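Undergrad: Encoded as structure tokens, here's the structure I'll be asking about.
Nothing in this text is a laboratory measurement; each read-out follows from the coordinates by a stated rule. If you're wondering where the values come from, they're calculated on a predicted model, not measured in any experiment. With ideal geometry, Cβ positions are generated from the backbone for all residues, glycine too; neighbour counts draw on all protein chains shown.
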Amino acid sequence: MPAPPQGVPSRRPIPGVLSNFAAYAAYGAGAAVRTGNWGGQPITPTPEYAKLAEAYGGYGERVRTADELAPALDRALRVVREGRLALLDVFTQP
């Protein structure tokens, strides 16, 4: 089956994992690696990214600890098998 054109949804649910380190930074061409400067600004309050999935009829969940990750992945994959998208908002360290 050919791929749909860019910007056209495939209508297939997918699991998504967002690595959320509650900050942002913009670097050009590996500048952080070259300089060792990993600066950035915190994003406070941290947006509820998981709610974006819910707004589109999907499943969203915040994952704050490593112990929560495996069960959250199981729940997300179950939802995808049911035909809905899933997004895990996983808090990480930069």
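Undergrad: Within the range 51-63, which residues are in contact (Cβ under 8 Å) with a residue 24 or more places away in the chain and surrounded by 12 or more Cβ atoms within 10 Å (Cβ to Cβ)?
TA: Correct list: L52, A53, G58, Y59, G60, E61, R62, V63.
Undergrad: Can you say whether A66 is among the small types (G, A, S), under 14 Å from S19 (Cα atoms) and exposed (fewer than 14 other Cβ atoms within 10 Å of the Cβ), as far as the supplied structure shows?
TA: For A66, the condition - among the small types (G, A, S), under 14 Å from S19 (Cα atoms) and exposed (fewer than 14 other Cβ atoms within 10 Å of the Cβ) - is met.
Undergrad: Of all residues in the range 82-94 being more than 15 Å from the chain's Cα centre (by Cα) and loosely packed, with under 11 Cβ neighbours inside 10 Å, which is nearest to R11 (Cα to Cα)?
TA: Only one residue tops the list, namely G83.
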